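Engineer: This structure is in structure tokens; I'll ask about it shortly.
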């Protein structure tokens, strides 16, 4: 009976924020959020490419069978997707490098300070992340 009592006490003990389980859960949430933002961004990049192709056909005989949003609307949607991804917590160093390359799109944006804060938080998070040796 004592074993059962010890087991129940261990299960009911709150998990600390520094526990491996909590860290894994936090990394999983970050990864899923980053992946959703990434999929959104590449979708709008593809839509932007499609709008460019429809506006500039390769030959005069080209007849578009798809009518999509205007190029201006695609540019706006793409910028919004990139901004959302810049504000999403990065998971890996390569994600942070992507953010540093893309921040140039928003140099004159009122969102620049929010983006810089998100990047600083990512740098702090990645600095504390344990590195695996190969």
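Engineer: If contacts are Cα pairs under 8 angstrom and at least 6 residues apart, what is the relative contact order of the chain in percent? Mind dumping the intermediate values first?
Structural biologist: Values: 74 pairs, mean separation 32.2, N = 134.
This gives 24 percent for the chain.
Engineer: Average the reciprocal distances over every distinct pair of alpha-carbons in the chain, invert the result, and give the Kirkwood radius in Å.
Structural biologist: Roughly 18.3 Å, rounded to one decimal.
Engineer: Per residue of the chain, what 222 nm ellipticity follows from adding -39500 (n - 2.57) for every DSSP H run with n ≥ 4, rounded to the nearest 500?
Structural biologist: It comes out at -23000 deg cm²/dmol, rounded to the nearest 500.
Engineer: Relative to the present Cα-Cα distance, how much length would full extension add between residue 71 and residue 105 at 0.36 nm per residue of separation? Show your work: numbers first, answer last.
Structural biologist: Working: separation 34, 0.36 × 34 = 12.24 nm, distance 1.74 nm.
Going from the current span to full extension adds 10.5 nm.
Readers should treat all values here as calculations from the given coordinates under stated rules, not as data from a laboratory. Here the structure is a predicted model, which means the values were calculated and not measured.
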